[in-house]
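Notes for the one structure printed next.
The values are calculated or read from the model by the stated rules, or taken from the named source; none is laboratory data. This is a predicted model, so every value here is computed, not measured. Quick reminder, even Gly has a Cβ in these numbers, built from the backbone with ideal geometry, and neighbours come from all protein chains shown.
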Amino acid sequence: MRIGFIGLGNMGSGMAASLLNAGHEVTAYNRSPDKVAALAERGATPAPTVAAACDGDVVISMLADDAGVEAVTFGNAGSPGILASLRPGATHVSSSTVSVALAGRLTEAHAGAGQRFVSAPVFGRPEAAVVGKLFVVAAGPDDGVQSAGPVFDAIGQRTFVVSAEPKVANLMKLSGNFLIASVIESLGEAMALVAKAGVDKQAYLELLTSTLFGAQVYRTYGGLLARDEFEPAGFAAHLGFKDVRLVLAAAEQLEVALPIASLLRDRFLTLIAGGGAELDWSAVGALAAADAGGPRPGSINPAP
């Protein structure tokens, strides 16, 4: 299958590599050419522009935020985007974690151009992307989802088709990230409590994950918190902050109160204001220990 891939960050690089491993023809574009060069060594074709990555059956965008997705989709007069470059009947798969509102705009824009749009955000960290073990949450028209099926099979261990409306997948992804952030915060608070009493955090985590808290989210983020391992970031704190703000925006639109999400917004803002924007987002859980008299997480300057 001929696939264009736009956005070779921590997640995108692994996803594109998984597509190559599955035997697909991948044409890749990224603003930083060094990441394209690394993928080209594995068989990808470098694309000098966004338009050059849109010549296949499917183009996938995996970018950090709404602004990035808008830029590559709508382009400008001097640099055509996906919308102006993708042939009628082809499919744009957005795997980015973006706002529900933007997913709605993209759906309308692609329909107007005779193209198919599928939202397919993923759950999993970069190490899962590299080995094709992500979980894909897909939504869109049946023909669009079916056309992207080989893509999902290559990057993920399971695909959940949740709706014919693409924006539903984005809402579900944001709600999932809200839950992960909630786990990180509560784990951090619990660890701060027992650690101040002299309990070893790794031993505490072993107790938790061997009893009622054996889910992968507790093992992964509990391990990072127990080891104070926040660099390099698998998912940066400023992106976690972005996702909490997006889930709050969706909740406001739907008139659903999310008081814990409001708390998380302030916790991430505290982390970022202290210099932790580029730390792994799990560092937000270490603020509780700092508030209890411990060191600030990672490279954050001590509180005055």
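Among the candidates Ala215, Ala226, the residue that is small (Gly, Ala, Ser), modelled with pLDDT of 95 or more, touching a Lys or Arg at 6+ places or on another chain (Cβ under 9 Å) and on the phi < 0 side of the Ramachandran plot is uniquely Ala226. Within region 235-243, is there a residue that is on the phi > 0 side of the Ramachandran plot and either among the basic types (Lys, Arg) or outside any helix (DSSP H, G or I) (or both)? Looking for residues that are on the phi > 0 side of the Ramachandran plot and either among the basic types (Lys, Arg) or outside any helix (DSSP H, G or I) (or both), one finds none in region 235-243, hence no.
Residue-wise test of (1) under 19 Å from Leu174 (Cβ atoms); (2) acidic (Asp, Glu).
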| residue | (1), (2) |
| --- | --- |
| Tyr218 | no, no |
| Glu231 | no, yes |
| Leu239 | yes, no |
| Ala257 | yes, no |
| Gly275 | no, no |
| Pro297 | no, no |
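Of the residues making up region 249-269, those that are in a helix (DSSP H, G or I) and more than 18 Å from Val183 (Cβ to Cβ) are Ala249, Ala250, Ala251, Glu252, Gln253, Leu254, Leu269. Of everything in region 136-174 that is assigned to a loop (DSSP other than H, G, I, E, B) and small (Gly, Ala, Ser), the residue that is farthest from the chain's Cα centre (by Cα) is Ala164. For region 274-287, enumerate the residues that are surrounded by fewer than 22 Cβ atoms within 10 Å (Cβ to Cβ) and either hydrophobic (A, V, I, L, M, F, W, C) or outside the structural domain of Leu193 (by TED's automatic domain parsing) (or both). Ala277, the sole residue that qualifies.
Within the set Leu225, Leu171, Leu187, Leu208, the sole residue that is closer than 23 Å to Met62 by Cα and of a type in the set (A, V, I, L, M) turns out to be Leu171. Counted as qualifying within region 19-93 are the helices (runs of 4 or more DSSP H) with 1 or more residues that are over 18 Å from Arg116 (Cα atoms), namely 33-40, 66-74.
Looking at region 12-55, which of the residues that are hydroxyl-bearing (Ser, Thr, Tyr) and more than 25 Å from Phe123 (Cα to Cα) is surrounded by the most Cβ atoms within 10 Å (Cβ to Cβ)? Checking each candidate, the answer is Thr45. Only one entry of Leu193, Leu174 meets the criterion of being under 26 Å from Glu229 (Cβ atoms) and crowded, with 18+ Cβ neighbours inside 10 Å, and that entry is Leu174.
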